[in-house]
Each structure stands twice: as C-alpha cells, then as structure tokens.
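Worksheet: one structure, shown below.
The values are calculated or read from the model by the stated rules, or taken from the named source; none is laboratory data. Just so it is clear, the structure is predicted and the values come from calculations on it, not from any experiment. For neighbour counting, all protein chains shown are included, and Cβ atoms are generated from backbone atoms with ideal geometry for every residue, glycine included. For the accessible areas, the whole protein counts, side chains as well, though only heavy atoms, and no ligand, DNA or RNA atoms are used. Shrake-Rupley method; radii C 1.70, N 1.55, O 1.52, S 1.80 Å.
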Amino acid sequence: MNHSENYNSLKLYQQALDSSNSGIIITDNSIEDNPIIYCNKAFEKISGYSRKEIIGHNCRFLQMNDRHQKARQQIKSSIIKEEESRVVIRNYRKNGDLFWNELFISPVKDDNGKTTHFIGVQNDITPQKEAEHELREEKANVEKKVIERTKKLKEEEMFLSSIIQTVRESLLVLDENFHVLSANNHFLKTFKVSSEETIGKLLYELGNHQWDIELLKDLLIKILPTSNPVINFEVEHDFPYIGKKVMILNAYRIEFEGQYKDRILLAIEDASERREIEKRKDDFLSIASHELKTPLTTIKGLVQILQRFSGEGLSERYSETLNKVAVHVDRLNNLITDLLDTSKIQSGNIESHMESCDISDLVSNCVESFQIGEEGHKIILSGDDEIIVNIDESQITQVVNNIIANAVKYSPKSKSIYINISKVANFVKVSVKDEGLGISHNDKSRIFERFYRADSTQKQYPGMGIGLYVSQKIIDNHKGTIWVESELGHGSTFHFTLPLKNS
C-alpha cells in the first residue's frame, strides 16, 4: 500500500471514529500515568471538555473528587492485569454535571504481546439511570410525592418573593415580551425611580433607554426558548439621577414545576466601586513594581561584580554565601517580574516572542539553577529529550521556575521533587510532582486566581498568590493548558502542556 492509500485509510478511520455516538479514547501505556493521546468528537461532547483540555490527562480526571467508587478499583486492576473490562461509573462534565458512563476498556498489544495502549469506549447512560431512579421513586409513594411537591412549590414561591423584596441587589421580573412585571425595593432606590415609572414598562425604555443594547436584546431573546442564562453582561452607562456606573447583569428563566415558564429574572449588580478599587490596585502594582525594579537591578549588578573577585584569595564559604545571595536576588527579580506581568495581563499588554526551543534543555537549566540555592531538596528529572516547541523562552522559564519554587516551598519535610517530560499526541507535557502538604478540593478550584492563597498556608508560607495566575495566563497565551492534581496531605502534581512545533 502506497503513502496515498495509507493516508486515505487513516482519514477514513478518523471519520469513522468521529461519526460514532460513543466516546472513544486511546491512552499510551508506555508513558507514566497512562495519559490520553486521542479522543473523538463524541467524547468531547459527552465530557464537555475540548480536545486540548483532554489530551495529557489520565481518565480519572472525569471523576473529579468522587474517588471512592468500586468501579475505579476495577479499572485500575484491569489496567495492571492488561485485560478487558466493562464498568458503570459516575463521571462529571466540565461544568460539574454528573453523568453515568458505561465504559469498556480493552488493551492493545504489539507483536511481542506487550500492552502499548488502551482503548476506552464510553456511552452516556444517564437517561437510563434517571428513568430507573424516577420509577423507584414513583413506586415508593406517588401520593406522598405529589403532596410534598405542592408544599415545596408554595414554599419556594413565598421564599423567592421574599428574596426579591429584601435582597441587596436590584432585581426585575420580565414577561415574555420583556415588560417589567415586578421590581424590588433595591432597584427602585438604586435608580431613584417609582413603581409607576417601572412596572408595566418595556425594559429597553426604562430611564433614558440605558438598557436598549442590541447584544443584550439578542441574549435575552435566547433565554425563553433555550433556557440559556445571561452571565455577567457588563453595562457602563451614565444613568439618570445616579451618574456614571458599571452594572453587571445576570438573567435567568424562571420556572416553578412547569409554571411561569415565560418569565425572566434579571439581577443587576453595581460593580462601579469594585472596578475602581481593582483599577487602583493594578495601578499601584504597576508603579511599585517599576520602582522596585531599578534598585534591584543595581543590587544584582553589584553582586555580579563581587562574584568576579570571589576567586582572588577569598574563602570558599564567602563564595558560597555570595552565590546564594545571587540566587535569592534572582528570585526577588522573578517576583517583581510576576508583578509587572500581572499588571500587563490586566491591561492586555502582555506579549510573547515565539522562537524554537528544546523544552528539555529549558527545564534542565531551570533545575540546575534551583539546585545551586536549594541543597535541601533533590530535583529528579526524567522523560524525553529533544522536544522542540515554539515558545517565548523567558516566559516558559518563568512558568517552570514558579512551579518548582512552589514544590520546594510546600514540601519542607519531603526532600525529593520529580519532574517528567513526555510527548502526548501533538503536545509536550511537563509534570512537577512533590510529596508535600497538598491542596484541598476547595482550594484547587481557585488556585490559579489572582492573589488567591489557601487559608492553611497564608501564615506559615509567605507569598502574594500571583505566580500561578501569571503561569496560567502565559500557558493560555501559548495555546496550552495547565492544571493540578492534589489531595490534602498527599502532595501535588502540576502539569502543563504546550503544542509541539508545526503541530
């Protein structure tokens, strides 16, 4: 078979897999942690994740924090024994929704009988599970269920009515034609209007037509037929009576057990003060970082001058101390660079200068620099060599240094840090594993937020909570992904992927 025939066959197989309603994945058993190297479109649709968010992960990421399932042990046992297995397991989509997965896994062996890959085929059987559950519920006590639902409906109506009038946020209820059915007291007080000026009026005609925005109209029109909410829609306007404000709008379709299905709840938050505080904070960061950069550059230059004379009759201890000073000056410089990058990210001015680079050499250089100043920790590097990527070398170096620095900081009692580099499909995956404090489930969901620090580490381990925020933005800018796997008390593994050159 010639090259053209091979290509056509592969293309045909690809189209066949993508046309399947079943989610199909392939994992590489020769790589540590058996990561996913292929997924079809049905798997993306079922899981809610995009291909670049899936590649490089172990299949267990779909179970999120629901780890104590017998099916997980069955899968693990089948992989160890290199045999087929069929299980039903609880999985979670990207948005957190539960779905039941009927999973069939099968090993792929080479000519020598060695398992090189696993193929996983999954089917979403959530409707079947839900139907079974509802049938059991109805058989248990139909009359009791009806009574409880009626009572709950009345309670919810009363409760929501109380919320609309007492919540410290402006709320409007609209009919299907976007006329105002009700407005809470907070809305009337905030915009300095009366009920007569509001109730029964078209939303787009309120005030001086400040809500008459084409994009907002399009979003609201889509709510009733599709139930898609409007999330964090920003309106900046010079409102009558209250002046220039930044308002954040969220809108949802209202439905009580099938009733009121043509009504929309519109929540309006005044974000003006918060935005002004954020702007002042960003301005301070930018100014402070620039002011710190100048004296630090001078200190770094003086240290380098002293290092040139370190061999002229000076003691070995003096030279070692000076080298450690230089390492910590570099780390301080990196921290200030993070602050400057944070300011640039917020203003949208961060730039990347892409060049070909061997990621293995880059990581190796980072490890070598850290070992000079961190004799208490041993960094063990493994994996593939000569992996060429198109990156901004200084920015990716910054990411690697941030992750290694965190691994060292948060594993004071464990002296080993493990770094692995591997090719996963058309990406390179870098993993940094420590055996330190670990991260709680709640903190994991916010660990990449700007200035966020876990409560358990704030007092004992100083920091500003910007390194991972900057790292995520850099990786996003390089069309990769970054994530963490961790359990409190059992260490952490930070992973990031980058596209291979010409991929």
Problem set entry | Per-selection Rg to Rh, region 170-233 - Cα, Kirkwood hydrodynamic radius | 0.96
Exercise. Shape of region 5-71 from its Cα gyration tensor (a ≥ b ≥ c, root eigenvalues): rounded if a/c is under 1.5, otherwise prolate when a/b > b/c, or oblate?
Worked result: prolate
Exercise. Given H placed on each backbone N at 1.01 Å, which residues far from Phe99 in sequence or on other chains put an amide H within less than 5 Å of it?
Worked result: Asn91, Tyr92, Arg93
Exercise. Using alpha-carbon positions, what is the distance between the centroids of region 53-79 and region 416-451, in Å?
Worked result: 17 Å
For this session: Mind listing the long-range amide H neighbours of Val424? Cut-off is under 5 Å, sequence gap 5 or more, other chains count too, H placed in the peptide plane at 1.01 Å from N.
Result: Lys429
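Provide the net charge surrounding Val87, with neighbours chosen by a C-beta distance below 12 Å and charges set as Lys +1, Arg +1, Asp -1, Glu -1.
+3
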Problem set entry | Phi-based couplings in Hz for region 132-142 (Karplus 6.51, -1.76, 1.60; Gly and Pro marked x) | 4, 5, 5, 5, 5, 4, 5, 5, 4, 6, 5
Exercise. Near the amide H of Val246, under 5 Å away, which other amide H atoms are found, from residues 5 or more places off or on another chain, if H is placed in the peptide plane?
Worked result: Ala271, Ser272
For this session: With a 1.4 Å probe and every protein chain kept in, tell me what percent of the accessible surface of region 1-160 is carbon plus sulfur.
Result: 52 percent
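Taking the mean number of other Cβ atoms within 10 Å as a proxy for protection, how do you rank 245-252, 55-62 from highest to lowest?
55-62, 245-252
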Exercise. By average Cβ neighbour count within 10 Å, what is the ranking of 418-430, 434-446, 380-392, 102-114 from highest down?
Worked result: 418-430, 434-446, 380-392, 102-114
